[in-house]
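Just so you know, all these numbers are worked out from the coordinates, no wet-lab data involved. No experiment lies behind these values; they were computed from the predicted model shown. For neighbour counting, all protein chains shown are included, and Cβ atoms are generated from backbone atoms with ideal geometry for every residue, glycine included.
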Amino acid sequence: MFNLVKRLIISHSYIANYGYSDGSGDYYIILDSDKCTGCGKCVEACPVGVLENYVDDYDDEIVKVTEAHRKSIKYDCGPCIPVGGERDAKCEQVCEPKAITVSIKVKGLD
């Protein structure tokens, strides 16, 4: 209960955009810290281990993209969101508060 009251009193939400743009397109995982409950379902659902739980500066447990995967989202998230194929982002599907979005936009295909 205290954590809920703390969140209502101290508004410190932010949207984290992990990823990059290069000559072939835009590759991002977007996490809304205000919606994230830190349940870890997305961490468990990711077949590649792109996500991890952590405690932020406000002592809230939320999710972030691991350092090892931040510059390879195009490749690491490719099996779940193939170019021209059916979208199957398991992390998005299990996130009940819809705090996570995988955005892969390949130039020339959007």
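Starting from the Cα gyration tensor of segment 13-106, take the square roots of the eigenvalues, sort them a ≥ b ≥ c, and report rounded, prolate or oblate (rounded when a/c is under 1.5, otherwise prolate if a/b is larger than b/c, else oblate). Cα axes put segment 13-106 in the prolate bin. A simple packing score, the average count of other Cβ atoms within 10 Å per residue, orders the peptides 94-104, 51-61 as 94-104, 51-61, with the highest score first.
Using the Karplus curve 6.51 cos²θ - 1.76 cosθ + 1.60 with θ = phi - 60°, what ³J(HN,Hα) values do you get for each residue of segment 72-88, in whole Hz, with x for Gly and Pro? Coupling constants for segment 72-88: 9, 4, 3, 8, 5, 8, x, x, 7, 10, x, 5, x, x, 6, 6, 9 Hz. Of Lys35/Lys74; Lys35/Lys71; Lys64/Lys107; Lys71/Lys107, which pairs sit farther than 22 Å apart, going by alpha carbon to alpha carbon? Beyond 22 Å: Lys35/Lys74; Lys35/Lys71; Lys64/Lys107. Derived scalar couplings between HN and Hα for segment 94-109 equal 8, 7, 5, x, 6, 8, 10, 9, 9, 10, 10, 10, 8, 4, x, 10 Hz in order, rounded to whole Hz, by the Karplus curve 6.51 cos²θ - 1.76 cosθ + 1.60 (θ = phi - 60°), x for Gly and Pro. Only helices enter this figure: runs of n ≥ 4 DSSP H residues, each worth -39500 (n - 2.57), summed and divided by the residues of the chain, yield -4000 deg cm²/dmol at 222 nm to the nearest 500. Extending 7 Å from Cα along the Cβ direction at Lys107 and again at Asp26 yields two label points whose distance is 1.4 nm. Charge tally for Arg70 (other residues, Cβ to Cβ under 15 Å; Lys, Arg +1; Asp, Glu -1): -2.
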